[in-house]
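J.: Handing you a structure now.
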Amino acid sequence: MFTELHSRPELVDEITSYTHRLSGSVEQYKAVARLADGSNLHINEVWVDGELRKYAYYQVTPTGDVVQGWDNAPHHQGISTYPHHRHGASEVEASSVRSLTDVLEILTAQLR
C-alpha cells in the first residue's frame, strides 16, 4: 500500500494515518491519504491468505462529504459488476475497479 501511494507524488501529498492488523491468515490495512486537491482518500482492505477479499476506497472532502467511492460490499445486487460498484454523489453504478492501483489511476486522471 505504501509503495503504491508513494509512487504517485503528483496525487498523494501525505499519508495521514495507517493501521495494519494481523490475525492468523487475515490482514487488514486501513489508511487515509491527503490528495493534491485537498480531499482525502480513505482506504480499507482485507486480505485472506494473500488474496484481496474486501475493499473500500472513498474520496471525501476535508469536511467528510463523500465525493466518490468504490467497494465490493454485497449490497447492490442489481449492478452488472456485482459486488463491485462505485458510489457517486447520488448514484451507484457498475465499476471495473478491483484494487487500490485502479483507484489511484482514476484519481490521477481526474485531478489533472
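J.: Identify the residue in segment 30-42 that is at negative phi and more than 11 Å from the chain's Cα centre (by Cα) and, among all such residues, is surrounded by the most Cβ atoms within 10 Å (Cβ to Cβ). Lay out the reasoning, then the answer.
T.: Taking segment 30-42 and keeping what is at negative phi, we get 30-37, 39-42.
Checking the rest, the ones that are also more than 11 Å from the chain's Cα centre (by Cα) come to 34-37, 39.
Working: Arg34: 15, Leu35: 21, Ala36: 14, Asp37: 15, Ser39: 18.
Within segment 30-42, the match that is surrounded by the most Cβ atoms within 10 Å (Cβ to Cβ) is Leu35.
J.: Restricting segment 84-112 to residues that are at pLDDT 95 or above and of a type in the set (Asp, Glu), which is nearest to Pro74 (Cα to Cα)?
T.: So the residue we want is Glu93.
J.: Kindly state which strands (runs of 3 or more DSSP E) lie completely within segment 54-112 and contain at least 2 residues that are surrounded by fewer than 17 Cβ atoms within 10 Å (Cβ to Cβ) and in contact (Cβ under 8 Å) with a residue 12 or more places away in the chain. Write out each step before concluding.
T.: Values: elements: 66-71, 85-87, 92-94.
Correct list: 92-94.
J.: Out of the residues in segment 12-46 that are touching a Ser or Thr at 6+ places or on another chain (Cβ under 9 Å), assigned to a strand (DSSP E or B) and not basic (Lys, Arg), which is nearest to Ala56 (Cα to Cα)?
T.: Applying the first criterion (touching a Ser or Thr at 6+ places or on another chain (Cβ under 9 Å)) to segment 12-46 yields 28-34, 38-40, 45.
This time we only want the ones that are assigned to a strand (DSSP E or B), so: 28-34, 40, 45.
Filter again for not basic (Lys, Arg), leaving 28-29, 31-33, 40, 45.
Working: Gln28: 12, Tyr29: 11, Ala31: 11, Val32: 12, Ala33: 14, Asn40: 13, Glu45: 7 Å.
Within segment 12-46, the match that is nearest to Ala56 (Cα to Cα) is Glu45.
J.: Sticking with this one: Need pairs with beta-carbon distance below 9 Å; first residue of a type outside the set (A, V, I, L, M, F, W, C) and within segment 1-22, second modelled with pLDDT under 95; sequence gap 6+ or separate chains.
T.: Matching pairs, first to second residue: Glu10/Leu111; Glu10/Arg112; Tyr18/Met1; Tyr18/Phe2; His20/Met1.
J.: Next question, about the same structure. Kindly provide the set of residues from segment 43-81 that are of a type in the set (Ser, Thr, Tyr) and more than 12 Å from the chain's Cα centre (by Cα), ordered by number. Break it down stepwise before answering.
T.: Of segment 43-81, the ones of a type in the set (Ser, Thr, Tyr) are 55, 57-58, 61, 63, 80-81.
Correct list: Thr61, Thr63, Ser80, Thr81.
J.: Of everything in segment 1-17 that's among the β-branched types (Val, Ile, Thr) and modelled with pLDDT of 95 or more, which residue is surrounded by the most Cβ atoms within 10 Å (Cβ to Cβ)? Can you show your working first?
T.: Residues of segment 1-17 that are among the β-branched types (Val, Ile, Thr), as a first pass: 3, 12, 15-16.
This time we only want the ones that are modelled with pLDDT of 95 or more, so: 12, 15-16.
On the way: Val12: 19, Ile15: 16, Thr16: 10.
Looking at the filtered set, the residue picked out is Val12.
J.: Determine, yes or no, whether Val26 is hydrophobic (A, V, I, L, M, F, W, C), loosely packed, with under 14 Cβ neighbours inside 10 Å, without any contact (Cβ under 8 Å) to a residue 24 or more places away in the chain and out of contact with any helix residue (DSSP H, G or I) (no Cβ under 7 Å at 6 or more places or on another chain). Lay out the reasoning, then the answer.
T.: Details: hydrophobic (A, V, I, L, M, F, W, C): yes; loosely packed, with under 14 Cβ neighbours inside 10 Å: yes; without any contact (Cβ under 8 Å) to a residue 24 or more places away in the chain: yes; out of contact with any helix residue (DSSP H, G or I) (no Cβ under 7 Å at 6 or more places or on another chain): yes.
So Val26 fits the description; yes.
J.: Taking Gly69, is it at pLDDT below 95 and either acidic (Asp, Glu) or in contact with a strand residue (DSSP E or B) (Cβ under 9 Å, 6 or more places away or on another chain) (or both)? First the steps, then the outcome.
T.: Numbers: at pLDDT below 95: no; either acidic (Asp, Glu) or in contact with a strand residue (DSSP E or B) (Cβ under 9 Å, 6 or more places away or on another chain) (or both): yes.
Considered against the rule, which asks whether it is at pLDDT below 95 and either acidic (Asp, Glu) or in contact with a strand residue (DSSP E or B) (Cβ under 9 Å, 6 or more places away or on another chain) (or both), Gly69 comes out as no.
The values are calculated or read from the model by the stated rules, or taken from the named source; none is laboratory data. Everything numeric here is computed off the predicted structure, so don't read it as measured data. Because the Cβ atoms are built from the backbone with ideal geometry, glycine has one as well, and the counts that use them run over all protein chains shown.
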